[in-house]
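Since the structure comes first, as C-alpha cells, the remarks are kept for the end.
The values are calculated or read from the model by the stated rules, or taken from the named source; none is laboratory data. As the structure is a prediction and not an experimental result, all values here were calculated from the model. Note that we place each Cβ from the backbone using ideal geometry, even for glycine, and neighbour counts take in every protein chain shown.
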Amino acid sequence: MKRREFIQRSSLASGTLLVPNFLKAVESSVLGGANHKRVVVIQLSGGNDGLNTLIPYTNDIYYRSRPQLAVKSNDLIKITDTLGFHSQLKPLMRLYDKGYLAILNNVGYPNPDRSHFRSTDIWHTASGSDEYLTSGWMGRYIESHGQKPYNAIEIDDSLSLMLKGENMNGIATKNAKLLHNNMNTPYFKKILNQQTDQHLSEHNLGYLYKTMIEARSSAKYIYETSKTNPSKKQYPDNPFGKQLKTTAEFINSRLDTQMYYVSMGGFDTHANQVNTQSRLLHIYSDAVETFVQDLDDNGTLENTLILTFSEFGRRVQENASRGTDHGAANNVFLIGKNLKKPGFFNSGPNLNDLDANNDLKYDIDFRSIYATILSNWLGVEQKSILRTSFDTLDFV
Amino acid sequence: METKAIQHLYSRVGFGILPNEISSLSGLKKEDVVAQLFSKSREADPLKIDLAELDDFIDNDSRQKLSRAIRQELRKKSRQKIKDYNSAWISRLVTTDQQLREKMVLFWANVFVCRDNHIFHVQQYNNTLRKHALGHLGDFLKAVAKEPAMSKYLNNRQNVKEKPNENFARELMELFTLGEGHYSEYDIKEAARAFTGWSFRPNGEFFLRQKKHDTGVKVFLGKSGNFDGNAIIDIILQQKQCARFICEKVYRYFVNPRVNQQHLNEMVAVFYPKYNIEKLMEHILLSDWFYEDENIGAKIKSPMELLVGIQRIVPLTFAKEKQLLYLQRTMGQVLLYPPNVAGWKQDRNWIDSNTLLFRMKLPSVLLNDTVINVDQKGDFEDSFEKYYADSRKRARKLDVEKDWTIFDLEFLALDRDEIRESLIRSKIDGDTLIFLDTLTNLDPKEYLVQLMSIPEYQLC
C-alpha cells in the first residue's frame, strides 16, 4: 500500500475524517499519484446542437440545410479556416487560447439511438446500442477502485445509472449539509448507531443496512471535509453555476473522489432554437470558465479533467419549427491543464458523407474516450470497467 | 394455514394482507387459500379511464381530416391522460380484490416492456396484459405482437418486405422469450421477415398489410416454411429454453431473487410445453419450498410494492397527481414509463444511498406530513428553467389526504408485537428489535410509521 493511501485509509478507519491540512498539502504536491486524479463529466442534457456550437462556417451544405438557423459567418468566433465557435462561447475561447481545451469532433457509437433515455443509458453504461447493462462505467470504476460511495459523486439529489455499480453505488448530493442532516435524523441515528456488524452477512437485509451505514458515513465525510472550504469565487447565479460551485468546493477540499457527474438541462431544442441555445451556451461556458479558474486558483486544475458531452447531436437539416430534431454524432469538449493535444483533436464533421438517416457519422467511439481517461489519466486497467478494450486516444 | 405462510403468500402475489383477513383464512388448508386467490382473480377486469374527449383520435375515418393544430392538441391531451392512467393504475393496485391478477400484470409489464404516448394504445396494451396475465403464454405473445403500442415501440410498423426492421424480432427473442445466446443473427433476420406488414388501424385493431408482408420461405431455428409471425412464436414456444427463460423471471419476481435450480427445473417441467401460466403459478404457490424460510422476506420491494403496501393500510388521496409522479420518479419506478425495453432491473437495483434514504422516509412523508427536501431530476425535454424548477422550493410537504379507517378497524385492537408481525416479513435485526422495544410511549399510528421506517420494511 502506498503511503498516501495508508494515511487516508487509516484516518478514515479511525473515524478521524478530516485529513489535516499539512497532509493535504503533502498529498497534492509530492504524492500526486495516478489515482489522485479526477474527472468531472458534464452532460448537456437533451442533446446539444453541435453544428451550431462549432459552426462549419464555410460549408454550403450547412447553410442550405439550415436556412433559418444557420449562424452567419460574421456572427461567430472563427478559430480555424473552417470552424468557428458560437458567439456566446467567448469564455470557452479563452480556455482554448490558454491551451486548456481540446475538441473531439464526430463522437458517437455504431447504430446510434435517437431516444434521450436510451442514448443516455448507452453513454452512462458504456454499452453498445444493442446491449442493456445494469451498471454504469463510474459505478464499475468504484467497485474495482475505492469501494466507497463518495468515490463518485453526482451533483444532484438522485443517482443516475452512470454511478451505479452491480453491488455498490456512488452517491448523489447537491447540498452536503442537507444530505448529512437527512442521514442524521434522530430516528436514523437510533437505528444505525446501535448496529453491530453481525447482520451484515444476511443477504438483502445485510445489503440494506450496509448501504445505509455507508451512506451515512459518506454523507458525513463529504460534509465534514468540505464544509470549511466554501468557494471564494463568484459563480453565475443560476442552478448550473451552483452545481459547478459545489463541485469545486468538493474538489478543492481534496475529497477522495475520482469522478463527478453534473447534468445541465434544456438542450432539447425542437422549436425556436436560436435564442434558447444562445442562452444555454452562455450559461454553460460562463460557469465552466469560473469553475476552471476556481480550480486553478486552488491548485486542483492540474489533476482535473473535465469532459462535456451530450447524449446525441441534432439533425443536420433544421425542422419546420425553427428547431432541430434528434441526431447522432456530436462534438465533445475536454478541459484540463495537461492536455497532450489542445485545440482540435480531429477534423470537423463531413457533411458530404452522412448516415442512412442523413445524420452525422461518428469517427470516435465515445468508449475510446472513457478508455483513455481510465488508462491514461486515472491509471487503471480499462478492460474490467469497459468489459472490452477500446483503443486509447492521445489526448492525455 | 399458518399465519406466517399466509402473510408470505399475500406479500408476493399481492401487496400484503390485513389482520382480519388472516383470521378468516387461518382455519383453511393451503389448497383452499390458494384456490380462493385464483377464484377471486378469475375474470380480468379491464382498467379504463374516460377518454370521450379524445375519440377523434381513434376514429379510422375522421382522423385523416384533422388539422395539424388539432392533432397536436390531441397528442398533448393524450400525454396528460397517460398520467391520469398512471394514477388510475395505482388506485387499482391499492383497492383491487384481484391481488394475484394485478400483481401478475405488474410482473408482465416488466417482461413485455412497452412505452407509448398514445393513451388509447397504452390502455389497450395494459388491458391485454391483464387479460392474458394468467392465460397461455402463446396467446399472450401473439396478442402482444399485434398491439399498436408494441408495434410502435419496437418499430414493427416500419418492418416491411422491401426493408425489414429487425428490432421487434430481436427483442422478442432476446428479452421476451429466449435470452441471448439461444438464437442466431440469421434467426433474427428470418423472424423479422415473418413479421413484415403487421400493422394496425387508428382504432387499435390489428391488420396485415398484405403487400408489405413477405410470404416467402423462411428458415428459423432449424425449421423452414412459409412462416408468419404467429408461426415464429409457435416455434419459439417449442424451445424448452423459452419455458426456462420465463420461469426464471417468475421465480426471481415471486419466489426469490436468487434462483434455486432444482425448483426452477421443477417449474419448467410444469410449464413446458403447454405454457399455462395459471398452472405454473398454482404449482409454485402449492409447493412446500415457496414457504421455506429462505424465501420469506428475501426480496427487496419495488417502489410500487412499497407505495401500494402502505396504502393498503392507510389509503391516500393525492390532491396533486404531480406529487404521486414525483414519488415514483424519485424512487425510480414510474408506471407506464419504463426506462427501456429491458425494463426495471429490480431487487438490489432499486437501492442506492439516495433511494434507500428516501424510501425509509417515505412513511413519515406520507403519513406524518414530514417535509421532503429531495428534488426530482428534470426531464430531457425540459427547458433550462423547468429542468431545475423544483430546486427553488426545496422543503415541501405532500398534499395528501389520509384515510385511517382501515387502520383503526384492523390494528387498534392489536398489541405492539402483533402490529409488528403483521407488517414485517423479514427477520428483524437484533439491535433494531431492541430499539423498537423502547418505543413504548408511541401511539399506534406513530408506531406504525416507525415500523414502516426500519430497513426490514423494505423487504417482502
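Annotations
- Among the residues of region B:417-440, some residue qualifies, meaning at least one is surrounded by 15 or more Cβ atoms within 10 Å (Cβ to Cβ), over 25 Å from B:ARG12 (Cα atoms) and more than 7 Å from chain A (Cβ to nearest Cβ).
- Residue count for region A:310-347, restricted to those that are buried (at least 21 other Cβ atoms within 10 Å of the Cβ), out of contact with any Ser or Thr (no Cβ under 7 Å at 6 or more places or on another chain) and in a strand (DSSP E or B): 3
- Residues that are in a loop (DSSP other than H, G, I, E, B) and at the interface with chain A (Cβ under 8 Å from one of its Cβ atoms) within region B:450-460 comprise B:SER453, B:ILE454, listed in sequence order.
Let's see how each residue does on (1) touching a His at 6+ places or on another chain (Cβ under 8 Å); (2) modelled with pLDDT under 95; (3) outside the structural domain of A:TYR109 (by TED's automatic domain parsing):
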| position | (1), (2), (3) |
| --- | --- |
| A:SER278 | yes, no, no |
| A:ALA287 | no, no, no |
| A:ASP296 | no, no, no |
| A:LEU301 | no, no, no |
| A:ALA320 | no, yes, no |
| A:ASN331 | no, no, no |
| A:LEU334 | no, no, no |
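- Filtered residues of region A:60-69 (kept if outside any helix (DSSP H, G or I) and more than 31 Å from the chain's Cα centre (by Cα)): A:PRO67, A:GLN68
- Among the residues of region B:133-181, the ones that are aromatic (Phe, Trp, Tyr) and within 12 Å of B:PHE195 (Cβ to Cβ) come to 1 in all.
- Search result, residues across region A:113-149 that are farther than 22 Å from A:ALA176 by Cβ, over 17 Å from the mean Cα position of the chain (by Cα) and away from chain B (no Cβ under 12 Å): A:GLY128, A:GLU143, A:SER144, A:HIS145
- Test: residue in region A:84-100 that is surrounded by fewer than 20 Cβ atoms within 10 Å (Cβ to Cβ) and within 14 Å of chain B (Cβ to nearest Cβ): no
- Inside region B:342-356, residues that are surrounded by fewer than 21 Cβ atoms within 10 Å (Cβ to Cβ) and more than 7 Å from every other protein chain (Cβ to nearest Cβ) make up a count of 4.
- Among the residues making up region B:45-96, those that are part of a helix (DSSP H, G or I), over 24 Å from B:GLN323 (Cα atoms) and in contact (Cβ under 8 Å) with a residue 24 or more places away in the chain are B:GLU53, B:LEU54, B:PHE57, B:ILE58, B:ARG63.
- Output for region B:244-269, where each listed residue is under 20 Å from B:ARG101 (Cα atoms), of a type outside the set (Phe, Trp, Tyr) and touching a Leu at 6+ places or on another chain (Cβ under 8 Å): B:ILE246, B:CYS247, B:GLU248, B:VAL250, B:MET267
- Residues considered: A:ASP256, A:ASP237, A:ASP296, A:ASP268. Of these, the only one that is of a type in the set (D, E, K, R), within 9 Å of chain B (Cβ to nearest Cβ) and on the phi < 0 side of the Ramachandran plot is A:ASP268.
- Residues being within 18 Å of A:VAL332 (Cα to Cα), modelled with pLDDT of 95 or more and out of contact with any Cys (no Cβ under 7 Å at 6 or more places or on another chain) are entirely absent from region A:60-72.
- Qualifying residues in region B:302-341 (those that are assigned to a loop (DSSP other than H, G, I, E, B) and over 28 Å from B:ARG258 (Cβ atoms)) - the one farthest from the other protein chains (Cβ to nearest Cβ): B:PRO315
- Helices (runs of 4 or more DSSP H) completely within region B:382-449 that count 1 or more residues being of a type in the set (S, T, N, Q): B:405-411, B:416-423, B:430-437
- Once region B:366-375 is narrowed to residues that are modelled with pLDDT under 95 and more than 7 Å from chain A (Cβ to nearest Cβ), the residue that is surrounded by the most Cβ atoms within 10 Å (Cβ to Cβ) is B:ILE372.
- Residues of region A:100-126 satisfying the condition of being farther than 27 Å from A:THR80 by Cβ and either among the hydroxyl-bearing types (Ser, Thr, Tyr) or touching a Lys or Arg at 6+ places or on another chain (Cβ under 6 Å) (or both): A:SER115, A:SER119, A:THR120, A:THR125, A:ALA126
- Only listed residue being outside any helix (DSSP H, G or I) and buried (at least 18 other Cβ atoms within 10 Å of the Cβ), chosen from A:ARG254, A:ARG216: A:ARG254
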